[in-house]
Amino acid sequence: MIEIVYILCLRQLKHYWRSKARLIGSLGQPLLFMIAFGYGFGPMYAIASGGASFTDFLAPGIITMAILYTAIFSGLEIIWDRQFGFLKETMVAPISRTEIMIGKTFGGAIIAMIQGLFMLSMTYLFGFRIPSLGSFLMGLIFMFLIAIFFSGLGLTLASKMEDMQGFQMILNFLIMPIFFLSGALFPLKNLPNAINLISKLNPLTYGVDGLRGSIAGVSTSFGIYNDLVAMGALSVLICTIGIMLFLKIEA
């Protein structure tokens, strides 16, 4: 099983490195948000928070954004493989569909992690700093869990679809509310009750909260370990659902 997962991960990584436009393009929007919000709202946040740095608050959310977009769109590969016949060849190979799903999920997650690390390095240009090695390692765990969850979500949705354009439309419909209601760009305080409830039901909220507490040292809304348990449980749940649906997929 380990060999199959490794091969599928390696295949996705090769496609990723061949597409330099994908690498550069996927960093463009997070950088734009970092510049626009960082310099636009930074002074207002500093006044409201008594001088705290908005860069420290914003950077984890922007890193999460880079991971989110890359991970969830990894599901496109299943639709692409189905249209060009590669999925059928994979299905008739002497390997289980569970191994295929796990391999593709980890492959998408690793690519999303690479994007997140690139974005993390970019935040250093804006003055963001991680306080310690331990904070960095804890941050890597949250980045990986975010990548696993949304890679699994993208593959789960893709397993039930055949139209690439329809898949992209659904993801665009989902991504923006998930991102904006996660607390990535603004604190989740004094929100209307309905918005506050939606934010608490949003899986990305716990990823952003945990990552911010880990690498920025900003006080969290739920506690780092609660965020860790929530993201871990949600990642296992979505991967389990994805495997169950993948077992029924028709190439």
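Kindly evaluate residue 140 against the criterion of being modelled with pLDDT of 85 or more, crowded, with 16+ Cβ neighbours inside 10 Å and in a helix (DSSP H, G or I).
So residue 140 fits the description; yes.
Residue selection: residue 249 satisfies the criterion of being outside any helix (DSSP H, G or I), modelled with pLDDT under 85 and over 23 Å from residue 138 (Cβ atoms). The single condition among (1) more than 28 Å from residue 103 (Cα to Cα); (2) out of contact with any Lys or Arg (no Cβ under 9 Å at 6 or more places or on another chain); (3) surrounded by 18 or more Cβ atoms within 10 Å (Cβ to Cβ) that residue 223 does not satisfy is (3). No other residue among 63, 102, 114 is of a type in the set (Val, Ile, Thr), within 30 Å of residue 198 (Cβ to Cβ) and at pLDDT 75 or above apart from 63. Inclusion of residue 183 among residues that are surrounded by fewer than 21 Cβ atoms within 10 Å (Cβ to Cβ), at pLDDT below 90, small (Gly, Ala, Ser) and out of contact with any Phe, Trp or Tyr (no Cβ under 8 Å at 6 or more places or on another chain) is not warranted.
Residues being among the aromatic types (Phe, Trp, Tyr), under 16 Å from the mean Cα position of the chain (by Cα) and surrounded by fewer than 19 Cβ atoms within 10 Å (Cβ to Cβ) are entirely absent from segment 202-210.
Residues in segment 151-185 that are out of contact with any Gly (no Cβ under 6 Å at 6 or more places or on another chain), farther than 24 Å from residue 56 by Cα and not aliphatic (A, V, I, L, M): 159, 160, 162, 163, 165, 166, 167, 168, 172, 173.
Checked against (1) assigned to a helix (DSSP H, G or I); (2) under 16 Å from the mean Cα position of the chain (by Cα); (3) surrounded by 15 or more Cβ atoms within 10 Å (Cβ to Cβ), residue 199 meets all criteria but (2). Considering only residues in segment 202-238 that are polar (S, T, N, Q) and outside any helix (DSSP H, G or I), the one that is farthest from residue 151 (Cα to Cα) turns out to be 219. Looking at this structure, is residue 150 within 23 Å of residue 98 (Cα to Cα), modelled with pLDDT of 90 or more and not acidic (Asp, Glu)? Against the criterion (within 23 Å of residue 98 (Cα to Cα), modelled with pLDDT of 90 or more and not acidic (Asp, Glu)), residue 150 qualifies.
The values are calculated or read from the model by the stated rules, or taken from the named source; none is laboratory data. As the structure is a computational prediction, the values presented were derived from the model and not from experiment. Neighbour counts run over all protein chains shown; Cβ positions are idealised from the backbone, glycine included.
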